[in-house]
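Presented below is the structure to which this report refers.
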Amino acid sequence: MSAPPIDPITLTVIWNTLMSIAEELGTTLRNTAFSEGVREGDDFATALFDRTGRLIAQGNFSPGHLGSMPACARHVIEYFPLETLRPGDSILLNDSFMCSGHFPDTFQVMPIFVDDALVGFVACSAHQVDMGGAAPGSQKVHGVTEAFQEGLRILPVRFVRDGEIDEDILRLILGNVRMPDKVRGDLLAQHTANLSAGSRLQQLFREHGGEVLERAYDIILDRSEQAMRTALAAVPAGTYSFEDYLDDYGPDTEPIKMAVDITFDGEGAVELDFSRSSDVVPAAINSYINYTRAYAVFAIKVFCDARQPQTEGAIRPITITAREGSFFNPAFPAPSGGRAVLQVRIFDTINGAMAKALPHRAMGAFSHWSNPNFGGTDDRTGQPFVMYDLAFAGYGGRDGRDGVEALSPVMNCTNIPVEVHETHSPIRIKRLEFIPDTGGAGQWRGGCGLRKDFELLNSTAVLSHLGDRHVFQPYGLCGGEPGALGETVLNPDGNAEPLHSKGMYDLKRGDVVSFRLSGAGGYGPVAERDPGAIMADLADGYITEEGARNDYHREP
Amino acid sequence: MIRVAFDIGGTFTDFVLHDDGDDGGGDQTHVLKIPSTPHDPGVAVMSGLERLLGQAGIGGGAIDSVLHATTVATNAVLERKGAATGLITTQGFRDVLIIGRQKRYETYDLYIDKPEPLVPRRHIAEVVERMDHDGGVVTPLDLASVDQAIDTLRAGGAETIAVALLHSYANPAHEQAIQARIRERAPELPVSLSSDVSPKFREYERTNTAVANAYVKPIVERYMVQLEAALKEQGYRHELFVMQSSGGLVTPAIAKAYPIRIIESGPAAGVLMGGIVGTAMGRDHVITFDMGGTTAKLGAVDGGTPAIMPTFEIGHVRYKKGSGLPVNIPAVELLEIGAGGGSIARADMGMIAVGPESAGADPGPVCYGQGGALPTITDANLVLGYINPDTFNGGAMTLDQDAAAQAIKKYIGEPLDLSVGDAAWGIHLVATMNMENALRVVSVERGRDPRRYAMVAFGGAGPMHAARLARAVGIPTVIVPLGAGVGSAVGLLQAAPRIDVSITRVMLLDGDAGAAIAEIYAELEARARLELDQLGGGQAPQWRRQGYMRYAGQGFEVQVDLPGGPIGDDFGAQAIAAFNEAYLQKHKFLDPEARIEAVDWSLAAILRNDRGHGSANLAFSRNAPDTTGGPPEIRDAWFPEAGGYVPTRIVERRALSQGMTISGPAIVEEPDSTIVILPGDTARISDVGHLIIEISPEAAP
């Protein structure tokens, strides 16, 4: 039965307030966090739930936690049935399967009461700097074969009772992580942020009354479901398939097949099935179903209805499936710490399929990003150092526009300035520049790859690399050419030894590692490119004279 | 002493002439608001000055001081109409400017573009050189590569050059050598060095600051020269002062050398005005709220001092970090929202949405009758009875209430099954909610408790929404200053000359840091003195020091006020204590275990405002109230607390005198602004004529 009507002005006020609470929860968390992922990469999420655990509103933060929140709330309620929750409680968990697919993401779910009646939940997640396990950051890929090597696993526990943090649980956690002060700070920041959001939610209930809020919730879920269905119904009915390959999961390993079959029923529902993909792999890169779902929902939103507020209603018409035991739906204890490297590729795979349904909305594949870590003992101080870098290059070309140069792809992070790196770590960056002729040619050119060279100024260090697209090129679309392959080269001005995209290497003083990101895919046939655009690219150096001749068949 | 201030805005140019009556002629203030002439802002300035001098019955020779705020630099950047700029940078780093910081300002939108850089890649040239972060030379500067870069850029049509090399904040020698070379080889090209304009680390932001400075330099130079000549023609003999983004004044010579500093000149003056009004009313903590035709701006004054941020983004979208071009210049803290009288309302998913699309001034709201078809905030305010259709903007235009009502009915009322009044109220409410979200960012999120703040509301539409907005976040008092419609120009009259300098010196802060900090401040003071000499006067400035610090490992610095006076051995400890205080205020917790890292250091030198030695309130003094008006008018206006339309008292502001009180619901009208007083609230008139609304405690959230 549908809810009785509620006037549009009250509804507007309630919905706007709910979204504002979810946003404010996130900005509070970001401003006080220590973890780089939280403050630079918005690697966290916020959510408001009704008293049965239905998702009512979310802030616009990490897509990676997007689809995880509803499942997380359900698992919390399984462990803590509604009647057992008390004012002043808050539940903590980080299980890879229940949450967002790896241990560093801690979730806190706080029940909210008004006059001793449960009215809903506020929740937030945060990517912690460390959760213990095989390597700093708990995201080591190669050589990690089961989740128990990845750090501390927290099934739902009552972390806060009567408003007081359980010091025993806290001690248990902090005893298992590498940077206990920061983890403690971020766990507290999450709790404080939830508290402030909770008090605003209580105020909303006091202003409007529980009955009006409940009715408003039903309308919000129905309307957002309807809006999503309308958007999905506009996509021509049919099944659209695509497959691509991740290079591998470490030196001397096989490629991982990433396949999707997307079926639009033409009436407002869509199913994304990843079953044809590879099996689970013995490295910490598997994608638990919540993570798969998160990026699949993100991609559908991008294609169909990006601006729509995120609620359980908007997710209802989207079904995500993957064969049990496959790469995209592994069973515990599959290792998964480094699954972040997949986000660009999950999007690329769905984008490839969607290009067959909505070619004008799709784009050539992204240039792949690079996420190397240099670590060792700093000769100058005797202290350990870890230099973590993020490099992003171009977007694929799309109908009507060349790919944007050097923009963060699916995940959304800032880079780290050269001057900041050099101030804090014993390295020198020798180059940071576009690589001409690497963007996939086409009517609309893909963005260029990026070259970033690091010289080690320390006596020794270990490089652990995380990259991809060294084997399989970023595809072009609708007749556009693929982007150039990426590569990683040790001492490019010496013996120029190629390095593996997911390998670990010992370096010595003076070694230069040159990271060269792939170019992004082009869109549309080269012959259709505006000659003026080719000349402009030549003038700006995005292509060379040789590139103009070879890729665009034009004499400069 | 007679002083004239003018603020050139996008839509209007505002003037204030103030005579403090020290010649025995009595205290007088004249204000004027005329349309801006965006193609040549000087045209409006000259015609306005002529009218203003006519009103006051004096000639240009009688003016003692001219103070000025302008959008000429901002508009050149926003419209990408600056000069063709060439950039010289370190070999291997040609793409720093184009790469930027890479984060999308909307996570869920993969179709957005980055802000377009001010220099295309073809106009960026590399030179062979390299410094390290300590300022040590890794690779000496190769002059042959410099010559080649200069020639390439000149051949490419560059009219102005920016030089931004890696780590130049630590050692400017290579940038300075390049400048010397350009002066020899291409003396016609103005040069902006990143080590001079903004010696701070983080290469993208520093490069962009130098580039933006170079980009607007020829335009600002031309504009200043013309303005000075025109003023001279009017018989004006003294120096012109220009408002900087920091809220301090400088001479045209400094504005021409560092035009990037005047980029937020007008809005800065508005915040300053809010601070002066607040201080005069005994309110040290003020939120300023300025709402005009296209945007609303929120600023803050803490403890009597306008809040200043060390960086600023030009062309910010929906106050999202990374959406604009960042520049390292101290600027008053301002949050700009796309909510103005012209913001368009629509029905969306069975609800009301307002903005960010705007009908602007052309075609403008439906009620202007200039072809606008979609309902706007102004249309809603008219239908709600808040705006007088006959006296809008001083009676310059008559508003079409029926057309406004029809548009609201068609686009909001009918789709949502609401009466016209309800629909108009919904638009007003949603517009206020949008601003409330921004106000929460400025207040709660940045550690300001709204209950301790007063709101100073101005701009044409500000005082219409102010009381509602204050209620929503719990601000107890709203002050609508006299001259609310020309607030920024009034603020100019109160500004003092000021120089800001800053530098990056990264260090771990411990008790022994005193000597190192003393060295940094000696360097900064020397730099500030170079410019202070140009400001003349020889008077001793008031110095203000700030550090930008964080826990080592964090990514965002906290702004820390450092003690004044000599820097002794205990200064490190004092700085640590100051950091703890600032951090606690902002983030509500401290981590005694963590190490503190200082990154940037800044120094402001503020001179006494000796040309405007009058007290803060003089600018607002005025003639006796005009009590000759007719009987109080009654108009129906919408107040949901009273159940919808109710007969509401309409009062002319010029008929109000000191000590009078007005109980809401009521509307106070003045030629360029309208004040809405809500049921339950009470307004009174201060001794100088400001209107003070006390928000009913029952209305607080």
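The values are calculated or read from the model by the stated rules, or taken from the named source; none is laboratory data. Computed from a predicted structure; not experimentally measured. Here the Cβ positions follow ideal geometry from the backbone for every residue, glycine too, while neighbour counts run over all protein chains shown.
Name the residue, out of A:Ile300, A:Ile262, A:Ile289, A:Ile285, that is outside the structural domain of A:Leu55 (by TED's automatic domain parsing), farther than 23 Å from A:Phe103 by Cβ and within 15 Å of the chain's Cα centre (by Cα).
A:Ile300
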Check: Applying the selection to segment A:437-479, what residues are in a strand (DSSP E or B) and away from every other protein chain (no Cβ under 14 Å)?
Finding: A:Leu456, A:Thr460, A:Ala461, A:Val462, A:Leu463, A:Ser464, A:Leu477
Next item on the list: Just give me the residues in segment A:251-269 being over 18 Å from A:Thr321 (Cβ atoms) and buried (at least 20 other Cβ atoms within 10 Å of the Cβ), in sequence order.
Entry: A:Ile256
Notebook entry, point to check: In this structure, is A:Ala539 surrounded by fewer than 19 Cβ atoms within 10 Å (Cβ to Cβ), of a type outside the set (S, T, N, Q), within 14 Å of chain B (Cβ to nearest Cβ) and free of Cβ contacts under 8 Å to residues at least 12 places away in the same chain?
Noted result: yes
Notebook entry, point to check: How many of the residues in segment A:218-252 are among the hydroxyl-bearing types (Ser, Thr, Tyr) and modelled with pLDDT of 95 or more?
Noted result: 4
Check: Restricted to segment B:327-360, and to residues that are part of a loop (DSSP other than H, G, I, E, B) and out of contact with any strand residue (DSSP E or B) (no Cβ under 9 Å at 6 or more places or on another chain), which residue is surrounded by the fewest Cβ atoms within 10 Å (Cβ to Cβ)?
Finding: B:Met349
Next item on the list: Kindly indicate which of B:Arg527, B:Arg544 is assigned to a helix (DSSP H, G or I) and touching a strand residue (DSSP E or B) at 6+ places or on another chain (Cβ under 6 Å).
Entry: B:Arg527
Checklist line | Positions within segment B:389-410 being surrounded by fewer than 21 Cβ atoms within 10 Å (Cβ to Cβ) and assigned to a helix (DSSP H, G or I), in sequence order | finding: B:Asn393, B:Gly394, B:Gly395, B:Gln401, B:Asp402, B:Ala403, B:Gln406, B:Lys409, B:Lys410
Checklist line | Number of the condition not met by A:Arg215 [criteria: (1) within 12 Å of chain B (Cβ to nearest Cβ); (2) over 25 Å from the mean Cα position of the chain (by Cα); (3) crowded, with 16+ Cβ neighbours inside 10 Å] | finding: (1)
Notebook entry, point to check: Within segment B:189-225, how many residues turn out to be assigned to a loop (DSSP other than H, G, I, E, B) and at pLDDT 95 or above?
Noted result: 2
Checklist line | Selection from segment B:60-94 of residues that are surrounded by fewer than 18 Cβ atoms within 10 Å (Cβ to Cβ), assigned to a loop (DSSP other than H, G, I, E, B) and of a type in the set (Gly, Ala, Ser) | finding: B:Ala84
Next item on the list: Being out of contact with any strand residue (DSSP E or B) (no Cβ under 8 Å at 6 or more places or on another chain) and not in a loop (DSSP other than H, G, I, E, B) is the filter here, so list the residues in segment A:308-327 that pass it.
Entry: A:Gly313, A:Ala314
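Residue-wise test of (1) within 14 Å of chain B (Cβ to nearest Cβ); (2) surrounded by fewer than 16 Cβ atoms within 10 Å (Cβ to Cβ); (3) among the aliphatic types (A, V, I, L, M).
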| position | (1), (2), (3) |
| --- | --- |
| A:His142 | no, no, no |
| A:Ile173 | no, no, yes |
| A:Arg178 | yes, no, no |
| A:Asp181 | yes, no, no |
| A:Phe205 | yes, no, no |
| A:Gly210 | no, yes, no |
Margin query: Looking at the structure I just gave you, is A:Pro359 touching a His at 6+ places or on another chain (Cβ under 8 Å) and either more than 9 Å from every other protein chain (Cβ to nearest Cβ) or in contact (Cβ under 8 Å) with a residue 60 or more places away in the chain (or both)?
Written below: no
Checklist line | Residue in segment A:37-54 that is surrounded by the fewest Cβ atoms within 10 Å (Cβ to Cβ), counting only those that are more than 15 Å from A:Gln108 (Cα to Cα) and modelled with pLDDT of 85 or more | finding: A:Thr52
Notebook entry, point to check: Of all residues in segment B:400-428, which are without any contact (Cβ under 8 Å) to a residue 24 or more places away in the chain and either under 30 Å from A:Leu29 (Cβ atoms) or of a type in the set (Ser, Thr, Tyr) (or both)?
Noted result: B:Ser419
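Conditions (1) within 8 Å of chain A (Cβ to nearest Cβ); (2) small (Gly, Ala, Ser), marked per residue:
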residue	(1), (2)
B:Leu49	no, no
B:Leu78	no, no
B:Ala84	no, yes
B:Ile88	no, no
B:Arg104	yes, no
B:Lys114	yes, no
B:Glu129	no, no
B:Ser145	no, yes
Next item on the list: Please state which of the following conditions B:Thr477 fails to meet, knowing it meets all the rest: (1) of a type in the set (Val, Ile, Thr); (2) touching a Gly at 6+ places or on another chain (Cβ under 8 Å); (3) farther than 30 Å from A:Ile6 by Cβ.
Entry: (2)
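Kindly indicate whether B:Ile287 is more than 24 Å from B:Leu52 (Cα to Cα), in contact with a Lys or Arg (Cβ under 9 Å, 6 or more places away or on another chain) and assigned to a helix (DSSP H, G or I). Step through it out loud before you land on a result.
Numbers: more than 24 Å from B:Leu52 (Cα to Cα): yes; in contact with a Lys or Arg (Cβ under 9 Å, 6 or more places away or on another chain): yes; assigned to a helix (DSSP H, G or I): no.
When the stated conditions are applied, B:Ile287 does not pass them.
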Check: Among the helices (runs of 4 or more DSSP H) confined wholly to segment A:1-120, which include 1 or more residues that are in contact with a helix residue (DSSP H, G or I) (Cβ under 8 Å, 6 or more places away or on another chain), under 30 Å from B:Ala431 (Cβ atoms) and within 11 Å of another protein chain (Cβ to nearest Cβ)?
Finding: A:8-32, A:63-66
Next item on the list: Assess whether A:Ala334 counts as being buried (at least 17 other Cβ atoms within 10 Å of the Cβ), in a helix (DSSP H, G or I) and not polar (S, T, N, Q).
Entry: no
